[in-house]
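First comes the structure, then the notes that go with it.
The values are calculated or read from the model by the stated rules, or taken from the named source; none is laboratory data. Bear in mind that the values here come from a model prediction, so they are computed numbers and not experimental data. Cβ placement follows ideal geometry from the backbone for every residue including glycine, while neighbour counts extend to all protein chains displayed.
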Amino acid sequence: MRLSVVTPEGAKVEAQVQSVTIPGAVGELGILPGHRPLITSLSIGKLSYVTSNRTEYLATNDGYMEVHDDVVTVVTQSAEKPDEIDIARSKASVERAERELREIDRDARPDAWDKAKRRRLRAENRMRVAEMHATPAALKQVRERGE
């Protein structure tokens with residue numbers, strides 16, 4: 001089965017895979033070869049895929065997925081490999097979003113509150129994926145920089 005993950009910056013992944021697990025808008029979806037045609041929306045979360053010898057992970061944002069003829073196409077706002085994620089930047093984003101959430105009157109400014117909440121969710125997801133799946137060398141670099 002072929003997996004293609006595309007962001008506004010271009011193709012992030014083009015690979016032959018054995019399976020894909022993706023954060024669907026209504027829950028996690030598992031895709032195996034021979035899956036029926038499907039189009040669905042995606043939510044913030046962790047996308048994983050299994051190649052012949054390993055499992056790979058991406059922190060993804062909202063988007064869409066299409067499955068057709070053993071081709072899985074994911075179109076998302078962002079997709080980052082664990083080693084690419086700046087954990088310190090993610091932590092700072094969580095803190096900024098939490099500060100905004102405390103300061104925003106949810107009833108008076110529901111759109112601003114929703115945007116801050118989504119920023120926090122994206123940053124928490126990036127942090128979680130990096131902390132769980134980054135290579136020891138990448139995590140060591142983060143610790144050495146004092147982050």
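Whether any residue in the stretch 45-61 is farther than 18 Å from residue 133 by Cα and either among the aromatic types (Phe, Trp, Tyr) or surrounded by 14 or more Cβ atoms within 10 Å (Cβ to Cβ) (or both) is what I want to check.
Scanning the stretch 45-61 turns up no residue that is farther than 18 Å from residue 133 by Cα and either among the aromatic types (Phe, Trp, Tyr) or surrounded by 14 or more Cβ atoms within 10 Å (Cβ to Cβ) (or both).
So which residues in the stretch 48-66 are farther than 15 Å from residue 25 by Cβ and touching a Ser or Thr at 6+ places or on another chain (Cβ under 8 Å)?
Of everything in the stretch 48-66, those that are farther than 15 Å from residue 25 by Cβ and touching a Ser or Thr at 6+ places or on another chain (Cβ under 8 Å) turn out to be 48, 49, 50, 55, 56, 57, 58, 59.
If the requirement is being surrounded by 14 or more Cβ atoms within 10 Å (Cβ to Cβ), in a helix (DSSP H, G or I) and among the small types (Gly, Ala, Ser), which of these qualifies: 130, 137?
130
Which numbered condition trips up residue 121, out of (1) outside the structural domain of residue 24 (by TED's automatic domain parsing); (2) modelled with pLDDT under 95; (3) surrounded by 15 or more Cβ atoms within 10 Å (Cβ to Cβ)?
(2)
So in the stretch 62-87, with the set limited to residues that are aliphatic (A, V, I, L, M) and at pLDDT below 95, which one is surrounded by the most Cβ atoms within 10 Å (Cβ to Cβ)?
Out of the qualifying residues, it is 85.
Taking the stretch 29-66 only, how many residues are without any contact (Cβ under 8 Å) to a residue 60 or more places away in the chain, of a type in the set (Lys, Arg) and assigned to a strand (DSSP E or B)?
Number satisfying all stated conditions: 0.
Which members of the stretch 29-42 meet the condition of being surrounded by 13 or more Cβ atoms within 10 Å (Cβ to Cβ) and either in contact with a Pro (Cβ under 7 Å, 6 or more places away or on another chain) or more than 14 Å from residue 2 (Cα to Cα) (or both)?
Listed by number, the residues that qualify are 29, 38, 40, 42.
Just wondering, is there one or more residues in the stretch 99-108 that are at pLDDT below 95, assigned to a helix (DSSP H, G or I) and within 25 Å of residue 6 (Cα to Cα)?
Scanning the stretch 99-108 turns up no residue that is at pLDDT below 95, assigned to a helix (DSSP H, G or I) and within 25 Å of residue 6 (Cα to Cα).
Filter the stretch 125-140 down to the residues that are closer than 16 Å to residue 54 by Cα and at pLDDT 85 or above and list them by number.
Answer for the stretch 125-140, where residues must be closer than 16 Å to residue 54 by Cα and at pLDDT 85 or above: 132, 133.
Working only within the stretch 31-47, note down all residues that are over 22 Å from residue 118 (Cβ atoms) and in contact with a Ser or Thr (Cβ under 7 Å, 6 or more places away or on another chain).
Listed by number, the residues that qualify are 31, 32.
Does the stretch 3-28 hold any residues that are at pLDDT 95 or above, part of a strand (DSSP E or B) and more than 26 Å from residue 135 (Cβ to Cβ), and which are they?
If the condition is that a residue be at pLDDT 95 or above, part of a strand (DSSP E or B) and more than 26 Å from residue 135 (Cβ to Cβ), then no residue fits.
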